[in-house]
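Note sheet for the following structure.
Derivation of every value follows stated rules applied to the coordinates shown; laboratory data play no part. Every value quoted in this text rests on a predicted model; they were computed, and no experiment measured them. Note: ideal-geometry Cβ built from the backbone for every residue, glycine included; neighbour counts use all protein chains shown.
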Amino acid sequence: MASRRASEEIILAGRVAVNGKEVRELGSKVDPEEDRVTLDGVPVRPKKKLYIALNKPRRYLCTRAAEPGRAAIGELLPKEWQNLYSVGRLDYDSEGLIFLTNDGSFSLQLTHPRYGVRKRYVAVVEGKVEPEMLQRFTRGVAHDGEMLKAEKAWIISANNSTSVVELEMAEGKNREVRRLFETQGLTVTRLVRTQIGRIKLAELPTGKWRSLSATEVKSLLPAK
């Protein structure tokens, strides 16, 4: 109905009632399942929380609205879901698993480094990746004033022209996987996020979405 700051002003002005009784005290608690909350006499109902898994195609922005000459993932969703926003980002040229939601708490707990939600990526790299490179990645590599680090990394295949590497990351810094390889003079030609927490991309087709189950959502959140 309003931002937190504006809501405080609305409450202090006596415009909110709980079960027919005016409430002006900030921090008063309500049970959304049992209590009837009104604003200026109009019932306030919590919005249904949505949790969507999408297989982001390459060359799509992680925004709701497209830009001239560039598509956006918002165009892949039903029009009535335009209030959803992406949980974190995949860069324009990357693809794979991304979540969308209208639940800010869920988004924070999946993106803030202190929660350490692991994400897996498969990178196709120009040139041969040596095991020693991956050991450096797991120890941590300095780049542009930041420490980049993979929790785990292993080679799927490698030859003199192309390598395929899988990495597990915890922090999700901007372009972190691509930058790790740049520190070794290598270029990532394709990057796919295949897993977030326990949720895998699996057989979800490119450009398609599915709803996360309550059990899946719970598995992504810290145990209480």
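Numbers for the structure displayed
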| item | result |
| --- | --- |
| The stretch 118-196: radius of gyration over Cα atoms, expressed as a fraction of 2.2 N^0.38 Å | 0.97 |
| For q = 0.19 Å⁻¹, Debye-computed log10 I/I(0) when each Cα of the stretch 4-43 counts as one equal scatterer | -0.48 |
| ³J(HN,Hα) computed for each position of the stretch 135-141 - Karplus, 6.51 cos²θ - 1.76 cosθ + 1.60, integer Hz, glycine/proline x | 5, 5, 4, 6, 7, x, 10 |
| Local electrostatic count at G74 - Lys and Arg +1, Asp and Glu -1, tallied over other residues with Cβ under 14 Å | +2 |
| Label point 7 Å beyond Cα of R15 along Cβ direction - residues of the stretch 22-62 with amide nitrogen under 18 Å | 22-28, 37-46 |
| Using θ = phi - 60° and Karplus 6.51 cos²θ - 1.76 cosθ + 1.60, couplings along the stretch 174-182 (whole Hz; Gly, Pro as x) | 4, 6, 4, 5, 4, 5, 4, 6, 4 |
| Net charge, R24 excluded, C-beta distance under 12 Å - Lys, Arg +1, Asp, Glu -1 | -2 |
| Neighbour-count order for E34, E126, fewest beta carbons within 10 angstrom listed first | E34, E126 |
| Among R36, R175, R193: highest mean-square fluctuation, GNM of the chain, C-alpha pairs under 10 Å | R36 |
| Cα centre as origin, Lys/Arg/Asp/Glu Cβ charges: the stretch 78-224 dipole, Debye | 420 debye |
| Stokes-Einstein D in µm²/s, Kirkwood radius over Cα pairs - the chain at 4 °C with 1.567 mPa s viscosity | 65 µm²/s |
| Relative contact order computed over the chain (Cα-Cα under 8 Å; 6+ residues apart), in percent | 20 percent |
| Nonlocal amide H pairs with V44, under 5 Å, H built at 1.01 Å | V37, T38, L39 |
| Across K128/K208; K29/K119; K21/K47; K119/K218, pairs whose alpha-carbon gap is larger than 27 Å | K128/K208; K29/K119 |
